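First the structure, in the form of C-alpha cells, and then the observations on it.
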Amino acid sequence: MSGFPALNHDHGHCRADGLAAAEKLCEERGTRLTPLRRQVLDVLLAQHRAMGAYDIAQEMGAQETGVAEGSSKRAPAAMTVYRTLDFLMSMGLVHKLESLNAFIACAEPGETHPVQFLICRQCGRVAELESEAITETVTRAAQKVGFEVDAPVIELTGRCPDCRQAARA
Ligand SMILES: [Zn+2]
Ligand SMILES: [Zn+2]
Ligand SMILES: [Zn+2]
C-alpha cells in the first residue's frame with residue numbers, strides 16, 4: 001500500500017500481512033525470520049511511525065517476550081537491534097529515515113523500489129510514495145552536476161490527510 005492508510009483501517013490485518021509477507025520473503029531467499037528479527041519487525045509494523053533503535057529496544061523490553069530465563073523483561077542491547085535492522089533493511093523489509101535517524105517497516109516489501117517518505121509533522125505517521133518519475137528526475141538532475149546518487153531517498157514533511165481533516169473540522 002502506498003500513501004497514507006486511513007486512520008480507521010484494519011490495522012490488525014495490515015500488521016499480520018506485513019509479518020506474513022516477511023516470512024514468505026525470507027523463505028524465498030533461503031533465510032529465516034528468526035524470533036528476534038520477527039520481533040523487531042513487529043514493533044515497527046505495530047505503528048505507521050518511524051522509530052529509533054533505542055525506542056525499538058525499549059518497546060521489545062516492555063513486551064512479554066516469552067524468553068525462558070526468569071520473568072524479567074529485558075530490552076535487547078542497541079547493537080543487537082542495529083544488527084537486526086541491518087538484516088531487515090538488506091531484505092527490503094525496513095527503510096531508514098536519515099533525517100530522523102529512525103526506521104520504518106516497508107509498505108511494499110519484496111522488490112527494491114524508489115521511495116519518497118511522507119512524514120506527518122503532526123501525528124508522526126509516515127507513508128511511502130514509490131514514484132519512479134521523482135527518482136529519475138532527481139537522479140538526472142544530480143548527474144547533470146556530476147553527482148552520482150547512491151540511494152535517492154527523499155523525505156517530505158507536512159500534514160497527512162487525517163490531520164488536515166481534523167484541522168478543518
Ligand atoms: Zn496498518
Ligand atoms: Zn518500501
Ligand atoms: Zn498526521
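Of everything in the range 26-37 that is crowded, with 18+ Cβ neighbours inside 10 Å and in a helix (DSSP H, G or I), the residue that is farthest from the chain's Cα centre (by Cα) is CYS26. Screening the candidates LEU129, LEU93 for the property of being within 23 Å of HIS9 (Cα to Cα), within 16 Å of ligand 3 (Cβ to nearest atom) and touching a residue at least 60 places away in the same chain (Cβ under 8 Å) yields one hit, LEU129.
Scan the range 136-156 residue by residue and report those that are within 19 Å of VAL94 (Cα to Cα) and of a type outside the set (Asp, Glu).
Residues satisfying the conditions are ALA151, PRO152, VAL153, ILE154, LEU156.
Please specify each residue of the range 104-116 satisfying the condition of being surrounded by 15 or more Cβ atoms within 10 Å (Cβ to Cβ) and away from ligand 1 (no atom under 16 Å from the Cβ).
Quick first cut of the range 104-116, residues surrounded by 15 or more Cβ atoms within 10 Å (Cβ to Cβ) only: 104-107, 109, 113-116.
Passing the criteria: HIS113, PRO114, VAL115, GLN116.
Restricting the search to helices (runs of 4 or more DSSP H) fully inside the range 75-169 and requiring at least 3 residues that are in contact with a Cys (Cβ under 7 Å, 6 or more places away or on another chain) and modelled with pLDDT under 95 gives an empty result.
Take the residues in the range 118-141 that are away from ligand 1 (no atom under 16 Å from the Cβ) and surrounded by 19 or more Cβ atoms within 10 Å (Cβ to Cβ); name whichever of them is nearest to the chain's Cα centre (by Cα). First the steps, then the outcome.
Start the filter on the range 118-141 by keeping residues that are away from ligand 1 (no atom under 16 Å from the Cβ), which leaves 119, 121-122, 129-141.
Applying the additional criterion that residues be surrounded by 19 or more Cβ atoms within 10 Å (Cβ to Cβ) yields 119, 135.
Values: ILE119: 12, THR135: 19 Å.
Once the filter is applied, the top-ranked residue is ILE119.
Here ASP55 meets the list (1) under 24 Å from ALA6 (Cβ atoms); (2) in a helix (DSSP H, G or I); (3) among the charged types (D, E, K, R) almost entirely, failing just condition (1).
Residue check: PRO35 meets all listed conditions (1) within 16 Å of ligand 3 (Cβ to nearest atom); (2) within 27 Å of ALA62 (Cβ to Cβ) but one, namely (1). If you go through the range 1-50 and pick out every residue that is of a type in the set (Lys, Arg) and within 14 Å of ligand 1 (Cβ to nearest atom), you end up with 2. Hey, any hits in the range 154-161 for a residue that's surrounded by 14 or more Cβ atoms within 10 Å (Cβ to Cβ), within 16 Å of ligand 1 (Cβ to nearest atom) and closer than 23 Å to ARG38 by Cβ? No: zero hits. Within the range 1-18, if we keep just the residues that are buried (at least 16 other Cβ atoms within 10 Å of the Cβ) and assigned to a helix (DSSP H, G or I), the residue that is nearest to ligand 2 (Cβ to nearest atom) turns out to be GLY18. The one condition from (1) surrounded by 15 or more Cβ atoms within 10 Å (Cβ to Cβ); (2) free of Cβ contacts under 8 Å to residues at least 24 places away in the same chain; (3) not basic (Lys, Arg) that LEU41 does not meet is (2).
The values are calculated or read from the model by the stated rules, or taken from the named source; none is laboratory data. What you are looking at is a predicted structure, and each value in this text was computed from that prediction instead of being measured. A quick note on method: Cβ atoms are made from the backbone with ideal geometry, for glycine too, and the neighbour counts reach across all protein chains shown.
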